[in-house]
Amino acid sequence: MAVADTLVLAYGLHPAKISRIPEGTATDNYVIVNQTGQRHFAKVYRTREHLVLERASVELSEYAADGGVATARATRTREHELIETHGRVPMSLWSYVAHTETAEGNLTAARWAAVGTAMGRLHTRLAAHPAAAPTLEPGAAVCDVVTARDRFERLIHAYLNRPRLGEFETWALQAARERQAILGDVERTLASLPQLTVQVLHGDMAGPNVLFENNEVAAIVDFRPPTPGYLAWEIARLGCDPKSVLDNSAESWLTGYTDLALAYRDANPTASADDLLSSLRVGCAAMLCSAFPLSVPVERPHIVDDALEAYGRVRHEAALVLLDRLPILEEALRDTLR
């Protein structure tokens, strides 16, 4: 009822049907059908504490869309606001992207090049964002191995001090120990990186946030506030989607990744070759230094579910596969991009 009231009062939209969508860790998401059968997508924010940042995220999405990037469009309120903050629930309302599936585990065939093109166009647009101009920064700084080592140490200690561990917690403890043991390899991997591009990015360029209609990217969604980050990491974040890495043979996945890189270079010709060539190394190191979601049962146990547990196992295994095969993968990528 709170969602319905807000839609009527803030947007002048009279819903005929409101359906909850299971996805969404920071928001409650709904599909709205109005009286004429038109669909909309609503994000209801669970707290009003970070609405300034949420508005900045919507503004970045609109900035990308204004530059010709395929994104969902936000619907403004009657007061011409991107986020409704005065009603019973804070929310944003979006155009509904129909007949789509996400890129998570679904990067195959022509979709690799389509993703590369879409991401290249996005990064070209965001390079001109007024929040920050692109700069070159030491690639080794993409991960703080010292901080990662300390975090895994504290995580292991937290698990060992629990009276009993469930199945996923037992696995997470083992995985954290394995990560801690190979951080020296990660540090050596990072040491050889050149200077890399840092610019405004999407901020959460993961498989679930890229929507496909057949083999074309229909929309890139769920932007974060405009914050500078390593271009190579965002390329790898999507290209090294854990399910895509593990669900294909190494040769098939690498073919797809090189298709992505070639299409990205065509769409963003000013991008440094080092960003593309270093992306696998950056992505592998960033995944291995991250404690997510191994840390979730300790830090946010209320969001642990079957999907998160499955993702944790897949992400860990994919990162280890990349580390093991990194020299061969990088050489093949270098040969393709010459």
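FYI, it's all coordinate maths here, none of it is from the lab. These figures come from a predicted structure and were not determined experimentally. Note that we place each Cβ from the backbone using ideal geometry, even for glycine, and neighbour counts take in every protein chain shown.
Please report the relative contact order for the chain, taking Cα pairs under 8 Å with a sequence separation of at least 6, and give it as a percent rounded to a whole number.
Working: 542 pairs, mean separation 66.1, N = 338.
Normalised by residue count, the contact order of the chain is 20 percent.
Under the Karplus relation 6.51 cos²θ - 1.76 cosθ + 1.60, θ = phi - 60°, what is the ordered set of whole-Hz ³J(HN,Hα) values for region 206-220, x standing for Gly and Pro?
Once rounded to whole Hz, the list reads 10, x, x, 9, 10, 9, 9, 10, 6, 9, 10, 6, 7, 6, 9.
When the Cα centres of region 291-330 and region 230-250 are compared, how far apart do they sit, in Å?
13
Need the C-alpha centroid separation for region 24-91 versus region 143-171, integer Å.
Region 24-91 and region 143-171 have Cα centres separated by 36 Å.
Under the rule that a partner needs its Cβ under 4.7 Å from the first Cβ, which Cys of the chain have none?
So far as the 4.7 Å Cβ criterion goes, CYS240, CYS284 stand without a partner in the chain.
By the gyration tensor of its Cα atoms, with a ≥ b ≥ c the square roots of the eigenvalues, what is the shape of region 2-96: rounded for a/c under 1.5, prolate for a/b over b/c, or oblate? Intermediate results must be reported in sequence, preceding the final value.
Numbers: a/c = 1.43, a/b = 1.20, b/c = 1.19.
Taking the square roots of the gyration eigenvalues as a ≥ b ≥ c, region 2-96 is rounded.
Place a +1 charge on the Cβ of each Lys and Arg in the chain and a -1 charge on the Cβ of each Asp and Glu, then give the dipole magnitude about the Cα centre in debye, rounded to the nearest 20. The partial results should precede the final answer.
Values: 33 positive and 43 negative charges, 114 e Å.
That gives the chain a dipole magnitude of about 540 debye.
When only C-alpha pairs under 8 Å and at least 6 residues apart count, what is the relative contact order of region 40-196, in percent?
21
I'd like the orientation of helix 111-126 relative to the chain: the angle between its Cα long axis and the longest Cα principal axis, in ° from 0 to 90, rounded to 10.
That helix lies at roughly 70 degrees to the long axis.
Taking the 0 to 90 degree range and rounding to the nearest ten, how far is the long axis of helix 145-160 tilted relative to the main principal axis of the chain, both from C-alpha atoms?
The answer is roughly 80 degrees.
Give me a comma-separated list of calculated 3J(HN,Hα) values for region 225-237, in order, Karplus coefficients 6.51, -1.76, 1.60 applied at θ = phi - 60°, integers in Hz, x for any Gly or Pro.
Each residue's phi maps through the Karplus curve to give x, x, 9, x, x, 6, 4, 4, 5, 5, 4, 5, 4 Hz.
Could you go through region 328-333 in sequence order and give the Karplus-derived ³J(HN,Hα) for each residue, using 6.51 cos²θ - 1.76 cosθ + 1.60 with θ = phi - 60°, rounded to whole Hz, and x for Gly and Pro?
The phi angles translate into 5, 5, 5, 5, 5, 5 Hz.
Only counting other Cβ atoms within 10 Å, I'd like SER290, SER92, SER249, SER57 sorted with the fewest neighbours first.
On the way: SER290 16, SER92 25, SER249 8, SER57 21.
Ordered by Cβ neighbours within 10 Å, fewest first: SER249, SER290, SER57, SER92.
With a Cα-only, solvent-free Debye model of region 73-192, what are the log10 I(q)/I(0) values at q = 0.21 Å⁻¹?
Values returned for q = 0.21 Å⁻¹ are -1.08.
Would you order HIS86, HIS123, HIS316 from fewest to most other beta-carbon atoms within 10 Å of each residue's own beta-carbon? Provide the component values of the computation, followed by the final result.
On the way: HIS86 11, HIS123 27, HIS316 22.
By the 10 Å Cβ count, ascending: HIS86, HIS316, HIS123.
Taking square-rooted eigenvalues a ≥ b ≥ c of the alpha carbon gyration tensor, is region 40-137 rounded, prolate or oblate, where a/c under 1.5 means rounded and, failing that, a/b exceeding b/c means prolate?
Taking the square roots of the gyration eigenvalues as a ≥ b ≥ c, region 40-137 is oblate.
Would you mind calculating the gained length between ARG46 and ASP305 on full extension (0.36 nm times residue separation, minus the Cα-Cα distance), in nm to one decimal?
Values: separation 259, 0.36 × 259 = 93.24 nm, distance 1.89 nm.
Answer, rounded to one decimal: 91.3 nm.
Explain nothing, just the number: relative contact order of region 2-96, from Cα pairs under 8 Å at least 6 residues apart, as a whole percent. Please report the intermediate quantities before stating the final value.
Numbers: 159 pairs, mean separation 27.0, N = 95.
That works out to 28 percent.
What is the set of long-range amide H partners of ALA218 at a cut-off below 5 Å, with H atoms built 1.01 Å from backbone N?
So ALA218 has HN proximity to LEU211, PHE212, GLU213.
With a ≥ b ≥ c the root eigenvalues of the C-alpha gyration tensor of the chain, is it rounded (a/c under 1.5), prolate (a/b larger than b/c) or oblate? Before the final figure, lay out each step's value.
On the way: a/c = 1.83, a/b = 1.31, b/c = 1.40.
Cα axes put the chain in the oblate bin.
Please list the non-local residues whose amide H lies under 5 Å from the amide H of GLY229, H modeled 1.01 Å from N, same-chain partners needing a gap of 5 or more.
GLN199, VAL200, LEU201
Give me CYS289, CYS240 sorted ascending by neighbouring Cβ count inside 10 Å, so fewest comes first.
The fewest-first ordering by Cβ neighbours comes to CYS289, CYS240.
Assuming a viscosity of 0.692 mPa s and a temperature of 37 °C, what translational diffusion coefficient in µm² per second does Stokes-Einstein assign to region 191-338, Rh being the Kirkwood radius over Cα pairs? Don't skip to the end; give the middle numbers.
On the way: Rh = 16.3 Å.
Translational diffusion coefficient: 202 µm²/s.
Work out the charge dipole of the chain with +1 on the Cβ of Lys and Arg and -1 on the Cβ of Asp and Glu about the Cα centre, then indicate which of ALA175, ALA4, ILE32 is farthest towards its positive end.
ALA4
Between 0 and 90 degrees, rounded to the nearest ten: what's the tilt of helix 167-191 against the longest Cα principal axis of the chain?
Roughly 60 degrees between the two axes.
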